[in-house]
Amino acid sequence: MLRNTGQGAIMKRRRLIQAHLRRLAILTCLLVSASASAQTWPTKLIKATIPFGAGSATDVVPRMFFDRLSAELGQSIVVENRAGAGGPIGTASVVRSDPDGSSILAHSPATTIAPATFTELTYDATRDLSSALMIGYSANVMITSPSKPWKTVQEYIAAAKKPDAAASFGSVGIGSAVHISAEKFRLAAGIAPTHIPYRGGSEVITDILGGRIDFYFCPLATALPLIQSGQVRALLVSTPTRVSELPDVPSPPEVGLKDADSAIWFGVFVPSKTPKDVVDKLYAAGTKVLATPDMQRDLKKLGVEPWPMKPDEMDRLVANQTIASAELVKAARIK
């Protein structure tokens, strides 16, 4: 009886040891698999989605970056523009994609604004997307047609306040970064121009050139050549201080516009379940690209300042801006 009890205890101990060994084997396989995914990534073509139209700053800047990132990773990156609705259409496509590092997203502050302006979003950016790296930030520039009578932002504000004024401005969609810059300006200036959303930046610029709308807060990268060629007139930059590329154009605080400053940033995101090791490798490769002299030179030509930021820091920035954007949308009654 005692011997049988002892044998039973031994058998029980053996089963426990075998179960423990099986769990260790499974854990080891998972760790090896995760490590292998990071070591071998990227093993296939990468699709980079830009949720805005071709030719916009949120297309030009990331596209230039992805071209160099492709060379650094040794893998082709195909860029696809999925414009419309100020960003949610293209963003949703990335959220639905496989979280294996083969699908990435280039976005702007518009991703922090969408939750407050779209009641039927199919995703939660702070939950369904993870930050990978920040490319940089830039100013938006308030541009108008040279055919318009106002030559300064103060003159425009005075004109827009007249009883018979038919003031208007354009954007690339409700809740886009350029729309928010315009709304901040409108609130600070105490004017009520009509907002006209367009599908893409080129369409807005066409109507600016034709004098059909009053102004557009255009990303600096897109606005610079138009300003330098005299096709448009710059009235204001959106950043708290002047930018070196436009030393004669004032910032909001200089003309008495309180809380009207804003900046546009260009960031890279992945689906939230993408393995951390893959995100880390993407961050490391992207940071290396951004540190090269030729990349910094070309960003500078577009009026973009590099903005080194780790993924977790960028996640916090997005979360904080999402809260601030909700407050702005409520104050401006954006629908």
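Pull up region 43-58, narrow it to residues that are open to solvent by less than 10 Å² (accessible area, probe 1.4 Å) and within 18 Å of the chain's Cα centre (by Cα), then point me to the one that is farthest from GLY101 (Cα to Cα). Give the derivation first.
Just the residues of region 43-58 that are open to solvent by less than 10 Å² (accessible area, probe 1.4 Å), to begin with: 46, 48-51, 57.
So of that shortlist, the ones also within 18 Å of the chain's Cα centre (by Cα) come out as 48-51, 57.
Numbers: ALA48: 10, THR49: 13, ILE50: 16, PRO51: 18, ALA57: 24 Å.
Filtering region 43-58 for residues that are open to solvent by less than 10 Å² (accessible area, probe 1.4 Å) and within 18 Å of the chain's Cα centre (by Cα), the one farthest from GLY101 (Cα to Cα) comes out as ALA57.
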**Prompt:** For region 243-302, what are the residues that are among the β-branched types (Val, Ile, Thr) and more than 22 Å from GLY101 (Cα to Cα)?
**Reply:** VAL243, VAL249, VAL255, ILE264, THR292
**Answer from SER262, SER229 - the residue that is among the small types (Gly, Ala, Ser), farther than 30 Å from SER76 by Cα and either surrounded by 15 or more Cβ atoms within 10 Å (Cβ to Cβ) or assigned by the TED database to the domain that holds VAL95 (or both)** = SER262
**Prompt:** Only one residue in VAL78, VAL94 is modelled with pLDDT of 95 or more, among the hydrophobic types (A, V, I, L, M, F, W, C) and open to solvent by 40 Å² or more (accessible area, probe 1.4 Å). Which one?
**Reply:** VAL78
**Message:** Regarding region 166-175, can at least one residue be identified that is open to solvent by 30 Å² or more (accessible area, probe 1.4 Å), more than 22 Å from ALA83 (Cα to Cα), at pLDDT 95 or above and not in a helix (DSSP H, G or I)?
**Reply:** no
**Asked** So which of TYR198, TYR123 ends up being closer than 20 Å to MET314 by Cα and open to solvent by 10 Å² or more (accessible area, probe 1.4 Å)?
**Response** TYR123
**Message:** Regarding region 148-159, can at least one residue be identified that is open to solvent by 10 Å² or more (accessible area, probe 1.4 Å) and within 20 Å of ILE334 (Cα to Cα)?
**Reply:** no
**Request:** Check off (1) touching a helix residue (DSSP H, G or I) at 6+ places or on another chain (Cβ under 6 Å); (2) hydrophobic (A, V, I, L, M, F, W, C); (3) modelled with pLDDT of 95 or more; (4) under 27 Å from GLY84 (Cα atoms) for ALA189 and give me the number that stays unchecked.
**Result:** (4)
**Item:** Pair list, Cβ < 6 Å and 6+ apart or interchain, from region 298-311 residues that are closer than 16 Å to VAL243 by Cα to residues that are at pLDDT 90 or above and small (Gly, Ala, Ser)
**Value:** LEU299/GLY136; GLY303/SER138; VAL304/GLY136; VAL304/SER138; GLU305/GLY136; PRO306/GLY136; TRP307/GLY136
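The values are calculated or read from the model by the stated rules, or taken from the named source; none is laboratory data. The model shown is predicted, which means the values in this text are computed figures rather than measured ones. Don't worry about glycine lacking a Cβ; one is built from the backbone with ideal geometry, like all the others, and counts go over all protein chains shown. Ligands, DNA and RNA are excluded from the accessible area calculation, which covers all protein heavy atoms including side chains. Shrake-Rupley method; radii C 1.70, N 1.55, O 1.52, S 1.80 Å.
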